[in-house]
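The values are calculated or read from the model by the stated rules, or taken from the named source; none is laboratory data. None of the values given here were measured: they were computed from a predicted structure. When we count neighbours, we look across all protein chains shown, and the Cβ atoms used for this are built from the backbone with ideal geometry, even at glycine.
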Amino acid sequence: MSKAYRFTRPQDLEIVDKPKLTVGIVIACRDGQEKLDLVLASLAVQSYPSRLISVYIIDDGSQRPLVLPKIKPRGTTLITYKNSQGHWGKTAATNDVAAKLKEDVLWFIDGDMVFDPDHLAHHMKWHHESEDYAVLGWKRFVQSWSYSPAQLNNALLKGEFLDLHHESWGKDLWEERVERTQDLVKPALDGYRAFVGATFSLRNSQWKRLGGYNRELITGEDTELGWRIFTSGMRTVVDRQAHSWHLGYSTVEQNKDEIHRHNDPALAQYIPQMHSIRSRHNFDWRVPTYQVLVDVRSTNLQQLLTLRTELLALPGTSAELTLLAPWSLLQDRYSPVGDQFAELREIHSWLKGSSEYKFVEITSDAQLSIDSIIDRFTPSATPYYLFIEGSFSLNLKDLVDYLLASENGLVGVANKEDRRAFAIIAPALARAISGKGWIYSNIAACFGALWMTEENFQQINQGKHNRVARFLRYLKREGKKVNSPRQLVIFLKKLISLLLRKVSPRG
């Protein structure tokens, strides 16, 4: 079992000689019998021991009911998923069937794939090595095929997988993202986009811990799952040796505009990193960009509102702010003239009707240790977790930017009055909580923790040279996402908006 630092993983991991983990292969289909027959023919010759394999075909409302073909793995079961209102589609069918499975590992595949005989074995070598992997296979698209299940089966037994197709193509943007992130060893916040549902596997226990697919999504469910896998601290592996052919074009490629119109708002509800889509409308979103704890015992309303404004400077971002203070003292008898809790009362009076703020009780003399603060966070699909003592005049957005640039799990700043602020990235928090011992120590050991003085932090975030460098990094990062005229328009709008904010007078 490997001890992971950030998202590292072993190099050149070999197929396991004597595997012991069972695997349930899940294929949710609606029609597509011809392609399904080819999928099963390729699964029938997988090199991973057949005694450890079970295959579950889910017929999700096919017009002509699916049947099991002659050539298939020995332990194959066909399950008819009864459709009803709110219970139909790949997401619901997969979740309901997978919830009952007992195998150690679940391998989810599409019903239009052909697999190299060692494909599953390459997935399983990772799951034997550690329990925190989500494994993706490598696929190429083919336009046509003429082989029957029997011919395919025979060719695979002869070791002719790569000879099946001499013309194929990959998704350039996907392959570039994998290359740029060193096969997701350094995924950054956009690495989740590499997670696609055609062939992926993870431990059954992890699938259940994550809650499976998001039931509110009909398409794009794999992308949203990939985001939660990232924020949960799991390691996503792209195994380039796990070869496969995808039979025909993907649905997204054939219907881009309609799919984007449907998926963009649905996914943006749950993936805060899609802030460019969120920025189109000033709505509330299911998952905020930031969870923020603010100790407001020594601050005032204006300081708090300034803190929020600076944090949400990037359009499309949102925050859930929890305000820590001895709120119960506001229930005591008082006079508006000479009120010793006037600052606290003003904060409460103005903000108590906003769903953006929560009020949590602490005593007037409470000493907040790092671990006691971190314990108050609720790990979720939110990417950033922040704490600040409200009288500390620090730009939290700058702190988050430096957290990303430093690649640490936690970055903190302290001033001369010993006021503190720190930011944690979600994967570091989730993995630290799942381990034994002190959460802060786990973050430092696995992802790294960096503290600095306010003076040092201000030096880092001030100066023309640093701002230019940050702007160039922004252009490079965002420019790589442009893969269509539509994406170019979005990028230019974001760039113009950013420039206008920087040159417009403040106030």
For the structure I just gave you, tell me whether residue 179 is in contact (Cβ under 8 Å) with a residue 60 or more places away in the chain, more than 30 Å from residue 69 (Cβ to Cβ) and either acidic (Asp, Glu) or in the same structural domain as residue 33 (by TED's automatic domain parsing) (or both).
no
How many residues does the range 7-28 contain that are among the polar types (S, T, N, Q) and surrounded by 10 or more Cβ atoms within 10 Å (Cβ to Cβ)?
2
So residue 64 passes all but one of these: (1) farther than 20 Å from residue 248 by Cβ; (2) part of a loop (DSSP other than H, G, I, E, B). Which condition number does it fail?
(1)
From the options 338, 353, residue that is at pLDDT 95 or above, loosely packed, with under 13 Cβ neighbours inside 10 Å, assigned to a loop (DSSP other than H, G, I, E, B) and of a type outside the set (Ser, Thr, Tyr)
353
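When the range 303-327 is examined, which residues are found to be over 30 Å from residue 277 (Cα atoms) and either basic (Lys, Arg) or assigned to a helix (DSSP H, G or I) (or both)?
327
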Can you say whether residue 277 is under 21 Å from the mean Cα position of the chain (by Cα), among the β-branched types (Val, Ile, Thr) and assigned to a helix (DSSP H, G or I), as far as the supplied structure shows?
yes
Pull out all pairs, ordered by first then second residue, where Cβ-Cβ is under 6 Å, the residues are six or more apart or on different chains, the first lies in the range 303-318 and is without any contact (Cβ under 8 Å) to a residue 60 or more places away in the chain, and the second is among the charged types (D, E, K, R).
316/278
Return yes when residue 440 is without any contact (Cβ under 8 Å) to a residue 12 or more places away in the chain, aromatic (Phe, Trp, Tyr) and not assigned by TED's automatic domain parsing to the domain that holds residue 229 and no when it is not.
no
Does the range 196-246 hold any residues that are of a type in the set (Gly, Ala, Ser) and in contact with a Phe, Trp or Tyr (Cβ under 7 Å, 6 or more places away or on another chain), and which are they?
197, 201, 226, 242, 244
Determine whether the range 385-406 contains at least one residue that is under 30 Å from residue 212 (Cβ atoms), modelled with pLDDT of 95 or more, touching a helix residue (DSSP H, G or I) at 6+ places or on another chain (Cβ under 6 Å) and buried (at least 19 other Cβ atoms within 10 Å of the Cβ).
yes
Do you know which residues across the range 221-257 are among the hydroxyl-bearing types (Ser, Thr, Tyr) and either farther than 26 Å from residue 410 by Cβ or over 14 Å from the mean Cα position of the chain (by Cα) (or both)?
223, 244, 249, 250, 251
Regarding the range 222-230, can at least one residue be identified that is assigned to a loop (DSSP other than H, G, I, E, B) and at pLDDT 95 or above?
no
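Restricting attention to the range 458-472, report how many residues are surrounded by 12 or more Cβ atoms within 10 Å (Cβ to Cβ) and either at pLDDT below 70 or touching a Pro at 6+ places or on another chain (Cβ under 8 Å) (or both).
Final tally of qualifying residues: 4.
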Considering the range 407-437 alone, what residues qualify as being of a type in the set (S, T, N, Q) and surrounded by fewer than 19 Cβ atoms within 10 Å (Cβ to Cβ)?
415, 434
From the list 376, 345, exactly one residue is touching a residue at least 60 places away in the same chain (Cβ under 8 Å), surrounded by 13 or more Cβ atoms within 10 Å (Cβ to Cβ) and either of a type outside the set (A, V, I, L, M) or assigned to a loop (DSSP other than H, G, I, E, B) (or both). Which is it?
376
Evaluate the following for residue 494: is it surrounded by 15 or more Cβ atoms within 10 Å (Cβ to Cβ), at pLDDT below 95 and of a type in the set (Lys, Arg)?
yes
